[in-house]
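Notes for the one structure printed next.
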Amino acid sequence: MAFICIRRYDTYVPAHIALGKLLHAGINAHLQDEHTVTIDPLLNLAVGGIKLFVLNEEVEIAEKILNENPESENIA
């Protein structure tokens, strides 16, 4: 079971929206570096943002789900 990073986010809100979509669809997904970026946003560039990981076998379906309504992830 290998996880692959499919998205990177600057803030936790769009990251959690994407994660919620995937979890709701039954996709095995998780966020990495969420706490680091949330606590100290200046470290965002150093750690590469909040990363969304999914299982290698589920990358295609996860991309399809996230691309269905991408504007809902761009909350400003």
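All of the numbers you see were taken from the coordinates with simple rules; none came from a lab. All values reported here derive from a predicted model rather than from experimental measurement. Every residue, glycine as well, gets a Cβ built from its backbone with ideal geometry; the counts of neighbours run over all protein chains shown.
Structure summary
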| read-out | value |
| --- | --- |
| Residue-averaged [θ]222 nm for the chain, counting only DSSP H segments that reach four residues, each worth -39500 (n - 2.57) | -12000 deg cm²/dmol |
| Principal-axis tilt of helix 12-24 within the chain, Cα atoms, nearest 10 degrees | 20 degrees |
| Degrees between helix 59-68 axis and first principal axis of the chain (Cα, 0 to 90, nearest 10) | 80 degrees |
| Förster-model FRET efficiency, 30 Å R0, Met1 and Thr36, C-beta, rounded to 0.05 | 0.80 |
| Extension gain from Asn69 to Val13, taking 0.36 nm per residue of separation minus the Cα-Cα distance | 18.6 nm |
| Kirkwood-based Rg to Rh ratio, region 3-73, C-alpha trace | 0.97 |
